[in-house]
Amino acid sequence: SCVAVPGPCDPEDLIDGIIFAANYLGSTQLLSDKTPSKNVRMMQAQEAVSRIKAPEGESQPMTEVDLFISTQRIKVLNADTQETMMDHPLRTISYIADIGNIVVLMARRRMPRSNSQDNVEASHPSQDGKRQYKMICHVFESEDAQLIAQSIGQAFSVAYQEFLRANGINPEDLSQKEYSDLLNTQDMYNDDLIHFSKSENCKDVYIEKQKGEILGVVIVESGWGSILPTVIIANMMHGGPAEKSGKLNIGDQIMSINGTSLVGLPLSTCQSIIKGLKNQARVKLNIVRCPPVTTVLIRRPDLRYQLGFSVQNGIICSLMRGGIAERGGVRVGHRIIEINGQSVVATPHEKIVHILSNAVGEIHMKTMPAAMYRLLTAQEQPVYI
């Protein structure tokens, strides 16, 4: 049974996800301090609306959408085609405002910490010298505007209560404000959305091959916890079209093939799509360059804060929504290679659990998909497609 959380929805429905009809009016970007007051947030939401709304008397461009809300994410689907227009993990939503029949969703983008030109362009000092951040504001119109805002707020509470329950924590021992304050001090580490949004990391690749010839790759799942869950190239056949092209690397994530998106599809479906290309002489892949090893950083002030994931024989088996592990880049199905600079490849399960259970402060880990690890260590033979 779910925890009773006040709000317009049944908590169980929010775990599965509910859908509201709405009109998408548009999106805009604002500059904001890191943690403005609620009054400032509302002013920002009103500014976003004034930018998006057409002047009085002019027709308003809009798209009919289904707004999907769950304890895990908020998705915007085209009402006619059901194509995903936006997909935001719930944790990335900073503020929700309902103004009459208008709903504004606001998400803060974390900028890179390096002193690169990108960083200089992305952040702007305000008059008092504080660094400012880009806020993405999506504007919707719906008769259920207030209900939508209340449902999203309730989704946050249900996700938090479920997280505590799953970890055997008494909410009285760790208040919601205390845990929320901890999360609010932490930037998303290894944020896929930042990496995936940089044009230099995303590219179209064309592979030439003979008709009837396989592409010559092994693909594995990126792991639950990825903002954009898709498949990763885990191995390439020696002398096969993929390897001979010189355009693909192990670790690259495939977004689409010949215009068909692979994001969110089961591994078996992705494999079938690739197998279906056997009789084509030219294949177009849209990929994101990613290293095969994922770097994770979990910030844990003290032992009262549960890490929020479970491990079995070095493999991450489960991950709690909204926890510090998910925020740090942990992914289900990945094998832990290293903890705080120490290899744990040959470390017994009990010792790995002991290391993690007693780790506080900054916990650095390196992980990779377990299926990729088994291939690279010759525990499994590759089956190329």
Cα→Cβ-extended label distance, 7 Å offset, between residue 380 and residue 353, nm: 2.4 nm
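Net charge near residue 20: determine it from the other residues with C-beta under 10 Å of the C-beta of residue 20, scoring Lys and Arg +1 and Asp and Glu -1.
Working: positive: none; negative: 66, 143, 144.
Charge balance near residue 20 sits at -3.
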Tell me, what % of the accessible area of the stretch 187-384 is carbon and sulfur with a 1.4 angstrom probe? 52 percent
May I ask for the net charge around residue 280, where only other residues with Cβ less than 13 Å from the Cβ of residue 280 are counted and Lys, Arg are +1 while Asp, Glu are -1? +4
Compute the distance in nm between two label points, each set 7 Å from the Cα along the Cα-to-Cβ direction, one at residue 249 and one at residue 46. 4.9 nm
Taking a probe of 1.4 Å and leaving out DNA, RNA and ligands, the stretch 187-384 shows per residue an accessible area in Å² of 45 Å²
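How much net charge surrounds residue 372 when only the other residues with a Cβ under 11 Å from the Cβ of residue 372 are counted, with Lys and Arg +1 and Asp and Glu -1?
Around residue 372, the surrounding residues sum to 0.
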Order of 325-333, 8-16, 80-88 by packing, highest average Cβ count within 10 Å first? 325-333, 8-16, 80-88
Projecting each Cα onto the charge dipole of the stretch 187-384 (Lys/Arg +1, Asp/Glu -1 at the beta carbon, about the Cα centre), which of 363, 341, 207 comes out farthest on the positive side? 207
Near residue 75, which lysines are there with a Cα under 23 Å away, not counting those fewer than 8 places off in the same chain? 53, 134, 198
Tell me which lysines have Cα within less than 18 Å of residue 275's Cα, excluding those fewer than 8 residues away on the same chain? 209, 211, 284
Positive end of the charge dipole of the stretch 187-384 (Lys, Arg +1 and Asp, Glu -1 on Cβ, about the Cα centre): tell me which of 274, 376, 317 has its Cα farthest that way. 274
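The values are calculated or read from the model by the stated rules, or taken from the named source; none is laboratory data. Note that this is a predicted model, so its numbers are computed, not measured. Backbone-built Cβ (ideal geometry, glycine too); neighbour counts: all protein chains shown. Side chains included, ligands, DNA and RNA excluded: accessible areas come from the protein's heavy atoms. Shrake-Rupley method; radii C 1.70, N 1.55, O 1.52, S 1.80 Å.
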